[in-house]
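Worksheet: one structure, shown below.
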C-alpha cells in the first residue's frame, strides 16, 4: 500500500467569508446629492502596470473635456466637475497619484465656489483614495473635514453618510469600538429609516468582524425590517447580503445561500446588477465549499454575464477564478486552466494585486489535482511572492497559499519545506482566530511526520490537531482526521482499528460531499481488507473508489485504485485483469514523470511509485514471462539518471554539464540526527581517507539538477542489444517483499531467470547491513578480532549462497570473463567482490566484477565513451593530500601524496599533472579536469545521504572557497573528456539509495562525462590504498581493461595480505579482511 497520507485540501474561495481587509466595501453609504457619484474602484489600486488603449482614449477624452471647461466663461462649476470626473476615472484604473492631484484641484475650485454639497463629495472621494493607499490617519482627517462641512450644511443625511464612512475607516484600522460608536451616532443623526437601516447593516459587519455572528444576524434582520417599511429594495438587499455573510461564517451554508438568493432578487428588481453579480459570486463560492461544483457553475456563469455587461473587471476576475475552480473540481482541467489564465492576465492588466495571487494559486491547485506537482509548485511560489509584496493582504488568504505550498512540497518529497510552510500557515490561521483551519494545518504537520516514519511526532501533532478540532462540527474536518488516524493504524498493523476509522472517514466525507477524502478512504479501506486477506471486500472498495477517482480526475487516487485493484485481482487469481490494472498504474507514473523537470523530484516520484513496478514484475515472473519481467525491472530503475544522461549527451554547449536549481526557502541547520559530526584525530596524520564534518548551512529545499529531458526506458530488444555490445554477462536483481528475483543476460542475448530466492526483504536487508558493518567496522578490542573474522566469513558465505549460487550455472567459467552486477535497493551496499564461496574463495578470485545502476545506463556510457573529442593518449590529472593549515584538523594523508606521485611516474614524462597540498584547489580542478583522459583524486570524502548534492571531495581551500568539490560543483563545471575517474577516497561510492540507484558522487561524475568511475564503499586505509592503486595503474597502462586491471590489483592485494597472515608452518589462518582490499568497485564502461 502507498503509505502516503492525505489532507483536507480547500480550494481558495474569494469573498465567501467576511474578512477585515474587505470590510470597507461591506459598508454602503447613503447617496449624496452631487454632480457625480463617488468614485468606484474597478480594480485594486496600486502602481499601474500600463493602461489599455481604451482606457487611455477615455482619459484623453476627459482631459479634452477639462480643457474645454477651463476655457468656458462660467464661474468654474464646469471645471470643478471635469476635474472631479477625471480624478474619479484615474482612481478607478489605478492611477492613484494623478487621481489625487485632480481631486485636490477640484476641491480647491469647489471651496472657492462655496458649493458645499459638491465640496463634501470631493472630500469623501479623497478620503476613499487615502484609505485605498492604507493611509487611515490622512483619511480620517479628511473625513473629519467632510463632517465639518456636513454640520455647516445642517444636512442630517450628509452627516450620517460621513459618519458611516468614518466608521469604515475605523474598521480598516481595526478600531471596532470607535467604528461602532460612529455608527450609533449615524443612526441618531438622521430620522430616515433608510439611513438607520444602512447603519444597522454596518453595525452587523462590525459584529461579524468580532466573530459575534448571532449579533450580526440580529442587526441585519432589524435592518431588513426597518428598510422594508420604506420599500428601499437596494438597502433591503444589502441587509440580506450581510445576513448571508453571517450565516456563511457560522458554517450554515444552506441558510446563507437562501439568504443570498433573497438579496439577489432585491438587487435584480432594483436593477442593481453589479450588486446582484457580487451576490451570485458569493452563492457560487459557497456551493464550491459545499462540494457542489455543477450548481456553482450555473450561478457563476450568470455573474460573469453581469460583469461583462457592466464592464466590471474586478467582479469578472473573481468570477472567472471561482468558475475555474468549479471546472477543476469536475475534472475539466483544460477549461480551468483557461479561465484561471485569463483571470490572471486580466488581473495584471488591471493591476489587481489580490486577484493576481489568487489566480496564480488557483492555477497551482488545478495542476496539483492533475498530478503536475512541479508546475503547481511554480504557481504557488508565484502566488506567495505576489501576496508577500501586497500591502495589507488578507492573512487568511496568505495562510491558504502557504498551506498549498506545503502540500505541494510534500507531494514532491521535500518534507522539511512542507513542515515549514504548514507551520507558517497554521500560525496565520491562529492569529486570525480560525481554530478549525489551525487544526487542519496541525494535522498536516502530523501527516508529514507519518510520511517520514516518525511515529512519535505524528502522534503528538495528531493529538494536538484533534484537541483543536474537538468542537468542530465540520464533517470534512472530521473525515480528514479519521482518515489519517486510519492510515496510522494501518501502518502499525492494527487492521481492525484501521477499518473502523476508514469507515468513519467515509461516512463523514459523504456527509460533507468531500469526494476526494471519500475516495482516498475507500482506497485505504481496500488496502486494509487486502492485508486481512479479504480480497472480495477489497475489490468492492477499490471499484467504488475508481468511480470517484475518475469523476474527480484525482491523479493520486487513480494511481492508488489501479495498484489496489491490480494486487486484489492477483489475490483472486485473475492475473490477466490484474495485469491491465498494474499497467495502468505504471502508465500513470510515466505520465507524472513527464511533468517533472528536477532530478530530485523525479527520484522521489520513482521511489514513491515503486510498488506498481514491483507488483507487475512479480506477476510476469510468476507467469513464466522472464523477459517482460526484466523489461519492467529496467523501467522502474535509474530513470532520472537516464534523463540526466540523455540531457547531457544532447547538450550543444560545453560551458556546464547541467543547470542546477538551488533550493528555495530559509537557510536551516540540519537536525542533530542528520548532522555529519567532525572526526578530529589526535594525530596530525590520518590513516583513513574519510571524514565527516558538520555541513554548511543548507537550504530548506534540496538543490537539484534541472532535467527537462524524459528519456524513454529501454525496450526489451534494446536491453538485449546493449548487453550484446557490452560483451559481458549481466546479473540483475530485484528485491520483492517476500523473494528475490535474479536474471542473467548473456552476451548472446539469452535471458534466464533463476528460481526465486525465498527470503523477506527485511531479512535480506539485515544480512546486508550486518555484512557491511562486519567489514567496515574494526573490532573494538584485539581479543574480538578472531570472532569478528569468523562471523564475517559466515555472513559473506550466506550472501554468496543467496546472490551468486542461484545463477552460478548461468555464469561463465573463465575468471577473465566480466560479470556486471545490477543491484537493486539495499543490494547496492553489497560488496560483491568480497562474497565468499563455500571453498573459501572470494568472488573476485572466481570472476571479474563490475557494476551498473541499470542496463539502460549503457545507452549513455557508450555514447560518452565514443565521443570524438576525447584525448587519444592516456594523460593523468592527479590531486593528492590537499590538506592545508586551514583544514589541518582533518588529518594529512601522506600516502595519498605518495600515491599520486607514484601513479604519475607510471604515466611517464609529460603525461601527467599533479596538484598536492595548497595547490589542489577547485579552481585548479576546474581548469585542468576537462583536458585529461584519467582523473585521480586521492583525498578525504564527505558523504551526505540526506542531501546528495552536498556530498563532496575535500580539496584545498582558497580565498572564500571552502575547498569542497560537491556534486553540485561537478555538475556545474565544464564537461569532462576523461575515460575514467578514480576517487581514491572514503565511501565515494555511497550516497542516497533510491529507486533510481545510488545518488551521489559516482553518478555525478558519469553525468559529467566519465563513462567509468572507480569508487569506494567504505573508509579506505591510506597505506593499502596507495599499494592497490599503484598495482591498478600498472595493469591498466599495460593495456588491460579497466575492470581487469582493478581485479588484478585486488587479487595482488589479497595475495600480499595472505602472505602476511600465513601461519609459520601452514596455510592461511584467516582470509584478508575485505575492508583493506575490496572497497573499490568500477561502475560503468568496463573496457
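Any read-out appearing in this document is the output of simple, stated calculations on the displayed coordinates, not a laboratory observation. Bear in mind the structure is a predicted one, so any value in this text is a computation, not a measurement. Cβ coordinates were reconstructed from backbone atoms using ideal geometry, including for glycine residues, and neighbour counts include every protein chain displayed.
Indicate, rounded to the nearest 5 percent, the antiparallel portion of the DSSP beta bridges found entirely in the chain.
On the way: 34 of 63 bridges.
For the chain, the DSSP antiparallel bridge percentage is about 55.
Using Cβ contacts closer than 10 Å as the measure, can you line up 772, 940 from fewest to most? Write out the running numbers ahead of the final one.
Working: 772 18, 940 29.
In order of increasing Cβ crowding within 10 Å: 772, 940.
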* Asked: Sorted from fewest to most neighbouring beta carbons within 10 Å, what does the list 892, 748 look like?
  -> 748, 892
* How high is the relative contact order of the chain, given as a whole-number percent (alpha carbon pairs under 8 Å, six or more residues apart)? -> 7 percent
* To do: At 7 Å along the Cα-to-beta-carbon direction for both residue 116 and residue 308, put a label point, then send me their distance in nm to one decimal.
  => 4.8 nm
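How much of the DSSP beta bridge set in the range 873-1084 is antiparallel, as a percent to the nearest 5? Kindly include the intermediate steps, with their values, before the conclusion.
Details: 16 of 34 bridges.
Roughly 45 percent of the beta bridges in the range 873-1084 run antiparallel, per DSSP.
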* Asked: So what is the relative contact order of the range 737-851, in percent, for Cα pairs below 8 Å that sit 6 or more residues apart?
  -> 25 percent
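With the contact rule set at Cα under 8 Å and sequence spacing of 6 or more, what percent relative contact order holds for the range 293-389?
Values: 127 pairs, mean separation 21.3, N = 97.
Relative contact order of the range 293-389: 22 percent.
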* What are the extents of the Cα atoms of the range 394-472 along their three principal axes, listed from largest to smallest and rounded to whole Å? -> 32, 26, 14
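Report the FRET efficiency, 1/(1 + (r/R0)^6), for residue 905 and residue 271, where r is their Cβ-Cβ distance and R0 is 56 Å, rounded to 0.05. Working shown, then result.
Numbers: r = 97 Å, r/R0 = 1.74.
The computed FRET efficiency comes out at 0.05.
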* **Gain in span if fully extended, residue 738 to residue 431, counting 0.36 nm per residue against the direct Cα distance** => 105.5 nm
* To do: Could you run the Debye sum over the Cα atoms of the range 964-1087, one equal point scatterer each and no solvent, and tell me log10 of I(q)/I(0) at q = 0.14, 0.19, 0.20, 0.22 Å⁻¹, two decimals?
  => -0.65, -1.06, -1.13, -1.28
* Provide the three semi-axes, in whole Å and in decreasing order, of the ellipsoid equivalent to the range 193-271 as defined by the square roots of 5 times the Cα gyration tensor eigenvalues. => 19, 15, 8
* Structure fact -> Rounded to whole angstrom, the alpha-carbon centroid of the range 572-636 lies from that of the range 298-325 at a distance of 44 Å
* Structure fact -> The percentage of Cα-Cα pairs in the chain separated by more than 43 Å is 50 percent
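Contour minus end-to-end for residue 70 and residue 622, with contour as 0.36 nm per residue of separation and end-to-end as the Cα-Cα distance?
On the way: separation 552, 0.36 × 552 = 198.72 nm, distance 9.34 nm.
Full extension of this stretch gives 189.4 nm more.
What Kirkwood hydrodynamic radius, in Å, does the range 450-557 give when the mean of 1/r is taken over all pairs of distinct Cα atoms and then inverted? All intermediate terms of the calculation are to be shown ahead of the outcome.
Values: mean 1/r = 0.0712 Å⁻¹.
Radius from the Kirkwood sum: 14.0 Å.
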* Whether the range 293-389 is rounded, prolate or oblate, judged on the alpha carbon gyration tensor where a/c under 1.5 counts as rounded -> oblate
* **Nearest 10 degrees, 0 to 90: helix 213-228 Cα axis against the chain principal axis** => 30 degrees
* Considering the range 873-1084, what Rg and Dmax in Å follow from its alpha-carbon atoms? -> 16.9, 60
* Would you kindly compute the Cα radius of gyration of the range 255-324 and its largest Cα-Cα separation (Dmax), both in Å? => 11.0, 31
* **Point-to-point label distance, residue 459-residue 794, nm (Cα→Cβ direction, 7 Å offset)** => 3.5 nm
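Stokes-Einstein D for the range 498-635 at 10 °C, 1.306 mPa s, Kirkwood Rh over Cα pairs, in µm²/s? Before the final figure, lay out each step's value.
On the way: Rh = 15.5 Å.
Result for D is 102 µm²/s.
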* To do: Could you calculate the contour length gain from residue 178 to residue 349, that is, 0.36 nm times the residue separation minus the distance between their Cα atoms, to one decimal place in nm?
  => 57.8 nm
* In degrees from 0 to 90, rounded to the nearest 10, what is the angle of the helix 555-571 Cα long axis to the longest principal axis of the chain? -> 50 degrees
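List 541, 622 from most exposed to least, where exposure is judged by having the fewest other Cβ atoms within 10 Å. Walk me through the intermediate numbers first.
Values: 541 26, 622 13.
Lowest count first: 622, 541.
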* Asked: How far, in degrees from 0 to 90, does helix 395-411 lean away from the longest principal axis of the Cα atoms of the chain, to the nearest 10?
  -> 20 degrees
* Structure fact -> Per the 1/(1 + (r/R0)^6) rule, R0 = 45 Å and r from the Cβ atoms of residue 715 and residue 53, FRET efficiency to 0.05 is 0.20
* Roughly what would the spin-label model give for residue 294 and residue 212, points 7 Å off Cα along C-beta, in nm? -> 4.3 nm
* Please give the FRET efficiency for residue 144 paired with residue 507, using the beta carbon to beta carbon distance and R0 = 60 Å, rounded to the nearest 0.05. => 0.55
